[in-house]
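Novice: Have a look at this one before I ask anything.
The values are calculated or read from the model by the stated rules, or taken from the named source; none is laboratory data. Computed from a predicted structure; not experimentally measured. No Cβ is skipped: glycine too gets one built from the backbone with ideal geometry, and neighbour counts run over all protein chains shown.
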């Protein structure tokens, strides 16, 4: 069957990580005219670090000495459970807002909005910077609304004026900015005059995710990337701690990573007339959006009859055909109407391969109950009790913890609960 034009637009924009974004300039953006209120100047600091794809076990697996030592002074979780789907943009934005993807609007790395009549893809610079795609109140917006300055190195959503607000200091994504330059900028931010100094710094690094995708999570390249990030964190803490500020560190990942079947990809199923649907593809999940709602059930039944190596879901259904409730990914959950009318979800370790290209060995995006999808959570600094080992928890609970450390009042409904991580704070 001939694929509709939009499929090709989305496929061309598709990728599994932030690397798909068009590289931009390396200049710092500054929103002029803002200062910390006198009250906020007295608050502690948080550096919120995300190492993309840093699976829950990688620090131990590859002996990341700095991270292992630092987590002993604070908190280490068995794992952090990513939101479904376990891909980069939805989970970074869940960490930033305390909301599940179905509630904040970024329901996948690639998806379609029938109301808008257009798609979102992480490689689409116009979409990435368009605030209408982003719901919720990101932690940097919450801070700025309460007169606390924030800064961001590449966090998902920080390049858009969500609710009309960007961080005071931010960069457009450019992974070519040298790590030494990024670390120096963090130091510069923290040595600015108090009224201009950000108390929340978001810091994203991609190297582990890239290495795992291309070579697999068990590769020497993945090990080298883990050591690189471990060195960056070690150098950051030494540099920042020398400033004698009350700085707290929260080190997380958006998702884990798994070795997949590179020999037997799943092609486009034959049981659907693609001319009747708009398709938003991913390696682990396909969204089908019906042009006419009467075509949904016939297509669903045809796909169920021929399904192999994938599950078929009707997000609008209950009982048979419904996706797991723990995903929070049904039509009822879908506040923005952006989840497909039919979902195809690959069985781990298989992936969809609609273009017949080489399948890369490392992948995420699977059911968040699969252990390999588990992410890392470590935290240390003066706000945290030392030597704390905790069980697994959902990533939406990080937002209220950071808000509490910074003394910010949460002003919107969130899915996370302050009680989940409240016990790790002094």
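Novice: Is at least one residue of segment 52-75 under 18 Å from residue 158 (Cβ atoms) and touching a residue at least 60 places away in the same chain (Cβ under 8 Å)?
Specialist: Filtering segment 52-75 for residues under 18 Å from residue 158 (Cβ atoms) gives 52.
Now drop any that are not touching a residue at least 60 places away in the same chain (Cβ under 8 Å), which leaves 52.
The answer is yes, given that some residue of segment 52-75 is under 18 Å from residue 158 (Cβ atoms) and touching a residue at least 60 places away in the same chain (Cβ under 8 Å).
Novice: Without any contact (Cβ under 8 Å) to a residue 60 or more places away in the chain and outside any strand (DSSP E or B), is that true of residue 180?
Specialist: For residue 180, the condition - without any contact (Cβ under 8 Å) to a residue 60 or more places away in the chain and outside any strand (DSSP E or B) - is met.
Novice: Something else now. What do you reckon, is residue 18 closer than 30 Å to residue 282 by Cα, out of contact with any strand residue (DSSP E or B) (no Cβ under 7 Å at 6 or more places or on another chain), at pLDDT below 95 and surrounded by 22 or more Cβ atoms within 10 Å (Cβ to Cβ)?
Specialist: For residue 18, the condition - closer than 30 Å to residue 282 by Cα, out of contact with any strand residue (DSSP E or B) (no Cβ under 7 Å at 6 or more places or on another chain), at pLDDT below 95 and surrounded by 22 or more Cβ atoms within 10 Å (Cβ to Cβ) - is met.
Novice: Every residue in segment 272-290 that is in a strand (DSSP E or B) and either at positive phi or modelled with pLDDT of 95 or more (or both), please.
Specialist: Once the filter is applied, which keeps residues that are in a strand (DSSP E or B) and either at positive phi or modelled with pLDDT of 95 or more (or both), segment 272-290 yields 277, 278, 279, 280, 285, 286, 287, 288, 289, 290.
Novice: Does residue 351 meet the test of being under 30 Å from residue 393 (Cβ atoms), surrounded by 22 or more Cβ atoms within 10 Å (Cβ to Cβ) and either at pLDDT 95 or above or touching a helix residue (DSSP H, G or I) at 6+ places or on another chain (Cβ under 8 Å) (or both)?
Specialist: yes
Novice: Further question: Exactly one condition in (1) touching a helix residue (DSSP H, G or I) at 6+ places or on another chain (Cβ under 6 Å); (2) closer than 24 Å to residue 149 by Cα is not met by residue 384; state its number.
Specialist: Condition not satisfied by residue 384: (1).
Novice: Out of segment 219-255, which residues are touching a residue at least 40 places away in the same chain (Cβ under 8 Å) and surrounded by fewer than 14 Cβ atoms within 10 Å (Cβ to Cβ)?
Specialist: Answer for segment 219-255, where residues must be touching a residue at least 40 places away in the same chain (Cβ under 8 Å) and surrounded by fewer than 14 Cβ atoms within 10 Å (Cβ to Cβ): just 243.
Novice: Any chance segment 315-336 includes a residue that's buried (at least 16 other Cβ atoms within 10 Å of the Cβ), out of contact with any helix residue (DSSP H, G or I) (no Cβ under 8 Å at 6 or more places or on another chain), touching a residue at least 12 places away in the same chain (Cβ under 8 Å) and assigned to a strand (DSSP E or B)?
Specialist: Checking segment 315-336: not a single residue is buried (at least 16 other Cβ atoms within 10 Å of the Cβ), out of contact with any helix residue (DSSP H, G or I) (no Cβ under 8 Å at 6 or more places or on another chain), touching a residue at least 12 places away in the same chain (Cβ under 8 Å) and assigned to a strand (DSSP E or B).
Novice: Something else about it: Applying the selection to segment 56-77, what residues are part of a loop (DSSP other than H, G, I, E, B), touching a strand residue (DSSP E or B) at 6+ places or on another chain (Cβ under 7 Å) and either at positive phi or crowded, with 23+ Cβ neighbours inside 10 Å (or both)?
Specialist: Across segment 56-77, the qualifying residue is only 56.
Novice: Of the numbered conditions (1) touching a strand residue (DSSP E or B) at 6+ places or on another chain (Cβ under 9 Å); (2) within 25 Å of residue 91 (Cβ to Cβ), residue 149 satisfies every one except a single condition; which is it?
Specialist: Unmet condition: (2).
Novice: Every residue in segment 71-91 that is more than 19 Å from the chain's Cα centre (by Cα) and under 16 Å from residue 327 (Cα atoms), please.
Specialist: none
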